[in-house]
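The values are calculated or read from the model by the stated rules, or taken from the named source; none is laboratory data. Keep in mind that this is a model prediction, so the values were computed, not measured. Every residue, glycine among them, receives a Cβ derived from its backbone with ideal geometry; neighbour counts consider all protein chains shown. All accessible areas refer to the heavy atoms of the entire protein, side chains included, with ligands and DNA or RNA removed. Shrake-Rupley method; radii C 1.70, N 1.55, O 1.52, S 1.80 Å.
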Amino acid sequence: MNCNPVSTLGFLKIWITKFLLTTNMLSEVEAKELLSFLTLDTRPDVKGQATEYILGLSGNRDGCRYLQTKPDFLKALVTLTTDPSIAIVKDCYHSLINLSADETMHQLLIKDSDFIPMLFKNLLDPEFMFADRICTILTNLSRHVKTCKEVFKAMQKQEIGLAQVVDIFCTEGYNKQASLHYLGPLLSNLTQLPQTRHFILDKERCVVQRLLPYTQYQASTIRRGGVIGTLRNCCFDHAHHEWLLSDAVDILPFLLLPLAGPEELSDEENEGLPVDLQYLPEDKEREEDPDIRKMLIETMILLTATKVGRQILKAKNVYAIMREFHNWEKEPHVAAACEKLIQVLIGDEPEPDMENLLEVEIPEDVEVKLKDMDAKEQEQLEKDQEDLLNPDKSQQCAGIVRMM
């Protein structure tokens, strides 16, 4: 494509200035001309200005809504991920990360039959330098069940097994140019689906055992949180609770140790704990991320939904650790979760026909009341949290990744 350097760059600079100074989007004529620059054979400097403009659009809600009406721009971005310019490819992937963070864009993105297969193809390449961006896009796209099913379907069509994803995740240095930490949240999202939980909980595969050490992976909160989210989701399948808590897996110390602190317990209390939690050193630190702490507690709450789970957690003296944890915890929403677990641990056993709490049928009117109570409790927790936070502290939406 032959471009007049003055007129082309001039137009692009006017559009970028327009975007920065106003909320008005491009006219149809301007959009058509901009699209003509988003091709592989456009001059690099012109193409770079154009992708930079799209990146700016993708970084805010209005821009995403505008691009939602322009599917040709999305196709152009996907095409330009194969551009020889690293800077242009980087801008394109960052734009796709931003767009995938917007739930309203999901259907449009997965509608492109080549998009998700292209992502997985590059993810499996151990030398692909943008693999971390791909992990982030797939994580964003799989947050909701509907598009998570589409991601899983694309994996099956390409004959990419969950075993491959787990192998890549557990292979240190698989890609020398990417950490692949966001494979953790991707696995967590995929465990919304029963097929993924069935794979991870397969007793012959030992997948859970491979993932457990990452509950204490200090190099990355993202990877650590992703694995704990995966374990939590798997604990919804109550038929596996006894196996998970048995010596074959021994999940409990991996959930409990990050919540344990340096507090001194009595000899009797120590002896009742799993071996890995007995007589911890004075410099023992707890998990630093409050959301991860809450997920660890929620996982144990799920394990107490069955009689065998409650019996084991009580026998392993989990209460002693959680008592000290509750005294230490400052985050209201985490403390509230801890209180629920403690109530189960010190409470009486339910009636014989209600021993499996995940199978108990709740009357509709009671369910409505419980949801109302939960909503009020959540509202109060958010208010308490807001009171604790510095009002100038920036907030981020959990589970959504944006880049600028």
Report summary line: Checked the range 74-96 for anything within 19 Å of Tyr182 (Cα to Cα) and open to solvent by less than 30 Å² (accessible area, probe 1.4 Å); matches are Cys92, Tyr93, His94, Ser95, Leu96
Query - Enumeration of residues in the range 25-66 that are under 18 Å from Tyr93 (Cα atoms), hydrophobic (A, V, I, L, M, F, W, C), assigned to a loop (DSSP other than H, G, I, E, B) and open to solvent by 20 Å² or more (accessible area, probe 1.4 Å) - result: Leu40
Query - Candidates Leu99, Leu186, Leu108, filtered to the one that is surrounded by fewer than 20 Cβ atoms within 10 Å (Cβ to Cβ) and either assigned to a helix (DSSP H, G or I) or modelled with pLDDT of 95 or more (or both) - result: Leu108
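Do we find that Arg223 is open to solvent by 50 Å² or more (accessible area, probe 1.4 Å) and either assigned to a helix (DSSP H, G or I) or in contact with a Ser or Thr (Cβ under 7 Å, 6 or more places away or on another chain) (or both) in this structure?
In short, no.
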Query raised in the report: Name the pairs: first residue in the range 194-220 and free of Cβ contacts under 8 Å to residues at least 12 places away in the same chain, second residue of a type outside the set (Ser, Thr, Tyr), Cβ to Cβ under 7 Å, at least 6 apart or on different chains?
Result: Tyr217/Arg223; Tyr217/Arg224
**Report entry** Cβ-Cβ under 6 Å pairs, at least 6 apart or on other chains, the range 153-181 side within 23 Å of Thr221 (Cβ to Cβ) and at pLDDT 95 or above, far side open to solvent by 40 Å² or more (accessible area, probe 1.4 Å) and among the hydroxyl-bearing types (Ser, Thr, Tyr)
**Finding:** Ile168/Tyr174
Query raised in the report: Do we find that Glu324 is under 18 Å from Lys340 (Cβ atoms) and surrounded by 22 or more Cβ atoms within 10 Å (Cβ to Cβ) in this structure?
Result: no
Query raised in the report: Does Val275 satisfy the condition of being out of contact with any Leu (no Cβ under 9 Å at 6 or more places or on another chain), aliphatic (A, V, I, L, M) and either surrounded by 17 or more Cβ atoms within 10 Å (Cβ to Cβ) or at pLDDT 95 or above (or both)?
Result: yes
Report task. Please work out if Phe254 is open to solvent by less than 40 Å² (accessible area, probe 1.4 Å), out of contact with any strand residue (DSSP E or B) (no Cβ under 6 Å at 6 or more places or on another chain) and not in a loop (DSSP other than H, G, I, E, B). Result -> no
